[in-house]
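To keep things clear, I will list the structure first and then write my remarks on it.
The values are calculated or read from the model by the stated rules, or taken from the named source; none is laboratory data. Just so you know, these numbers come straight off a predicted model, no measurement behind them. Cβ: placed from backbone, ideal geometry, glycine included. Neighbour counts: every protein chain shown.
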Ligand code: ASP
């Protein structure tokens, strides 16, 4: 079995859905994970925002706009009157449901139910399309098997048991279709795996079904060696190890959701990144094979805040770091980079909702300084311990860029530097010139 995930742009129009139907028409059984059609989840977020503010008129305007888009898509998507009618009935029922929230109380629970509609619609439309084309397919509802626990972590045992049962119940299909992104939480309520979470679904589904391969189809031909938005002449990487890909995804390569590597890595299932617009292009294969030594790619992550804690008490003391880390743990705020000196520790975060409370706690241990608008530039590759010269090359390239923090040696796959976001583009370009 293989798992193929298609993102929002890959199913973003009737024509694109036809292309996806073509891509999944080979005979081997497969599970197809779909995102909502592009723009839909954003529109649903806007609708929810109107409803929170009790602006029912604004919400209804948005709902009608989106509904019209879907009616147009249905008209274009199907050939026969029978399926056009089925499609319209489907859209009508989902939009009647969305409209019903303009009358009721609106809470986070209703918001999550609204956000789920995008994937529920795209998968149902695609299922009809395959049926119209005579392709044997079954819809397996993600809400019947995808579950997160009370810490918002996927419940792997539950997912595996229930996914396998769902597939068994509908044996002999060529295509099993399911929704990306959506899930149930530990209370059984509709929830989701956070924005962009369909990649994560694909990886969890692949692990749950012991897939031979997980394919993530987007509109770029694999992971590139640098950010094509800021640097010219980047090229796709044909192979990355799980660890290299995880570093790149976490530190800014937009093509893959950062959480999606781990389930595939633990189950040792290769992940292939492919381009729907250019299906013949090789893409990037991510697997347990470490591959050649050397620098492979550069990525950047924005909206980073640095926190510096300076304390005389750190001198010769043990337990200081634990106290600092516990404060971040208490406010569920992940730390990305960390550097220490004898009198100070600097670290970076990208979630700042609880920053003021964190600072208040940290001030018990010393003075605290905050720097905002920073970017982490991450150089990824396979730097075996004995290899010399990588750091020199990196810092030589960055000689004109002010560097706020450096992280080297945390793993054999990553050297990171923290710079002002205003210097990011120059840093990416300079590294590109010197390293590749
Ligand atoms: N539709 C969701 C989003 O836009 C999930 C996804 O596309 O991966 O975030």
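Run residue 59 past the list (1) away from the ligand (no atom under 16 Å from the Cβ); (2) surrounded by fewer than 23 Cβ atoms within 10 Å (Cβ to Cβ) and report the number of the one that doesn't hold.
It is condition (2) that residue 59 fails.
Hey, could you check the range 1-16 for residues that are within 10 Å of the ligand (Cβ to nearest atom) and part of a loop (DSSP other than H, G, I, E, B) and say which is surrounded by the fewest Cβ atoms within 10 Å (Cβ to Cβ)?
Result: 7.
Note down all Cβ pairs under 7 Å where the first residue falls in the range 184-200 and is touching a residue at least 12 places away in the same chain (Cβ under 8 Å) and within 14 Å of residue 142 (Cβ to Cβ), the second is part of a loop (DSSP other than H, G, I, E, B) and away from the ligand (no atom under 13 Å from the Cβ), and they're at least six residues apart or on different chains.
Listed pairs, sorted by first residue: 191/185.
Can you find, within the range 21-48, the residue that is nearest to the ligand (Cβ to nearest atom) among those that are in a helix (DSSP H, G or I) and buried (at least 21 other Cβ atoms within 10 Å of the Cβ)?
As a first pass, look at the range 21-48 and keep what is in a helix (DSSP H, G or I): 21-23, 40-48.
This time we only want the ones that are buried (at least 21 other Cβ atoms within 10 Å of the Cβ), so: 40-41, 44, 47-48.
Values: 40: 7, 41: 3, 44: 9, 47: 14, 48: 13 Å.
For the range 21-48, the residue satisfying everything is 41.
So in the range 178-199, with the set limited to residues that are more than 8 Å from the ligand (Cβ to nearest atom) and surrounded by fewer than 23 Cβ atoms within 10 Å (Cβ to Cβ), which one is farthest from residue 214 (Cα to Cα)?
Among those that are more than 8 Å from the ligand (Cβ to nearest atom) and surrounded by fewer than 23 Cβ atoms within 10 Å (Cβ to Cβ), it is 187.
Can you find even one residue in the range 102-123 that is more than 20 Å from residue 51 (Cβ to Cβ), within 16 Å of the ligand (Cβ to nearest atom) and modelled with pLDDT of 95 or more?
Just the residues of the range 102-123 that are more than 20 Å from residue 51 (Cβ to Cβ), to begin with: 122-123.
Next cut, within 16 Å of the ligand (Cβ to nearest atom) only: 122-123.
Cutting the leftovers down to modelled with pLDDT of 95 or more gives us 122-123.
Scanning the range 102-123 turns up at least one residue that is more than 20 Å from residue 51 (Cβ to Cβ), within 16 Å of the ligand (Cβ to nearest atom) and modelled with pLDDT of 95 or more.
Identify all residues within the range 151-163 that are over 26 Å from residue 11 (Cα atoms), more than 16 Å from the ligand (Cβ to nearest atom) and either touching a strand residue (DSSP E or B) at 6+ places or on another chain (Cβ under 6 Å) or free of Cβ contacts under 8 Å to residues at least 60 places away in the same chain (or both); write none if there are none.
Quick first cut of the range 151-163, residues over 26 Å from residue 11 (Cα atoms) only: 151-153, 155-158, 160-162.
From the residues that got through so far, the ones that are more than 16 Å from the ligand (Cβ to nearest atom) too are 151, 153, 155-158, 160-162.
Residues satisfying the conditions are 151, 153, 155, 157, 158, 160, 161, 162.
Residue 256: crowded, with 23+ Cβ neighbours inside 10 Å, within 20 Å of residue 193 (Cβ to Cβ) and touching a helix residue (DSSP H, G or I) at 6+ places or on another chain (Cβ under 9 Å), yes or no? Even if it seems obvious, please write down each step before you answer.
Values: crowded, with 23+ Cβ neighbours inside 10 Å: yes; within 20 Å of residue 193 (Cβ to Cβ): yes; touching a helix residue (DSSP H, G or I) at 6+ places or on another chain (Cβ under 9 Å): yes.
When the stated conditions are applied, residue 256 passes them.
Could you list all residues from the range 259-269 that are free of Cβ contacts under 8 Å to residues at least 60 places away in the same chain and crowded, with 20+ Cβ neighbours inside 10 Å? Outline the logic, then answer.
Pass one, the range 259-269, residues free of Cβ contacts under 8 Å to residues at least 60 places away in the same chain: 261-262, 265-266, 268.
Hits for the range 259-269 are 261, 265.
Would you check if there is a residue in the range 203-210 being surrounded by 17 or more Cβ atoms within 10 Å (Cβ to Cβ) and near the ligand (Cβ under 9 Å from one of its atoms)? Step through it out loud before you land on a result.
So in the range 203-210, the residues surrounded by 17 or more Cβ atoms within 10 Å (Cβ to Cβ) come out as 203-209.
Keeping just the survivors that are near the ligand (Cβ under 9 Å from one of its atoms) gives none.
No, there is no match, as no residue in the range 203-210 is surrounded by 17 or more Cβ atoms within 10 Å (Cβ to Cβ) and near the ligand (Cβ under 9 Å from one of its atoms).
Among the residues of the range 211-224, write down those that are buried (at least 22 other Cβ atoms within 10 Å of the Cβ) and modelled with pLDDT of 95 or more.
211, 214, 215, 216, 217
Quick check on the range 128-141. Is at least one of its residues within 16 Å of the ligand (Cβ to nearest atom), free of Cβ contacts under 8 Å to residues at least 60 places away in the same chain and crowded, with 19+ Cβ neighbours inside 10 Å?
no
Can you name the number of the only condition in (1) closer than 21 Å to residue 417 by Cα; (2) surrounded by fewer than 16 Cβ atoms within 10 Å (Cβ to Cβ); (3) modelled with pLDDT of 95 or more that residue 340 fails?
Going through (1) closer than 21 Å to residue 417 by Cα; (2) surrounded by fewer than 16 Cβ atoms within 10 Å (Cβ to Cβ); (3) modelled with pLDDT of 95 or more one by one, residue 340 breaks only (3).
Name every residue in the range 284-304 that is surrounded by fewer than 19 Cβ atoms within 10 Å (Cβ to Cβ), outside any loop (DSSP other than H, G, I, E, B) and touching a helix residue (DSSP H, G or I) at 6+ places or on another chain (Cβ under 7 Å), in order of residue number.
Result: 302, single match.
Quick check: anything in the range 228-235 in contact with a strand residue (DSSP E or B) (Cβ under 8 Å, 6 or more places away or on another chain), within 30 Å of residue 300 (Cα to Cα) and within 16 Å of the ligand (Cβ to nearest atom)?
Checking the range 228-235: not a single residue is in contact with a strand residue (DSSP E or B) (Cβ under 8 Å, 6 or more places away or on another chain), within 30 Å of residue 300 (Cα to Cα) and within 16 Å of the ligand (Cβ to nearest atom).
With (1) in contact with a strand residue (DSSP E or B) (Cβ under 6 Å, 6 or more places away or on another chain); (2) not in a loop (DSSP other than H, G, I, E, B) as the list, and residue 335 as the residue in question, which single condition is left unmet?
Among (1) in contact with a strand residue (DSSP E or B) (Cβ under 6 Å, 6 or more places away or on another chain); (2) not in a loop (DSSP other than H, G, I, E, B), residue 335 violates only (2).
With respect to residue 89, determine if the residue is surrounded by fewer than 18 Cβ atoms within 10 Å (Cβ to Cβ), within 14 Å of the ligand (Cβ to nearest atom) and free of Cβ contacts under 8 Å to residues at least 24 places away in the same chain. I'd like the intermediate steps shown before the answer.
On the way: surrounded by fewer than 18 Cβ atoms within 10 Å (Cβ to Cβ): yes; within 14 Å of the ligand (Cβ to nearest atom): no; free of Cβ contacts under 8 Å to residues at least 24 places away in the same chain: yes.
Against the criterion (surrounded by fewer than 18 Cβ atoms within 10 Å (Cβ to Cβ), within 14 Å of the ligand (Cβ to nearest atom) and free of Cβ contacts under 8 Å to residues at least 24 places away in the same chain), residue 89 does not qualify.
Exactly one condition in (1) surrounded by 20 or more Cβ atoms within 10 Å (Cβ to Cβ); (2) part of a loop (DSSP other than H, G, I, E, B); (3) more than 16 Å from the ligand (Cβ to nearest atom) is not met by residue 281; state its number.
Residue 281 satisfies all of (1) surrounded by 20 or more Cβ atoms within 10 Å (Cβ to Cβ); (2) part of a loop (DSSP other than H, G, I, E, B); (3) more than 16 Å from the ligand (Cβ to nearest atom) except (1).
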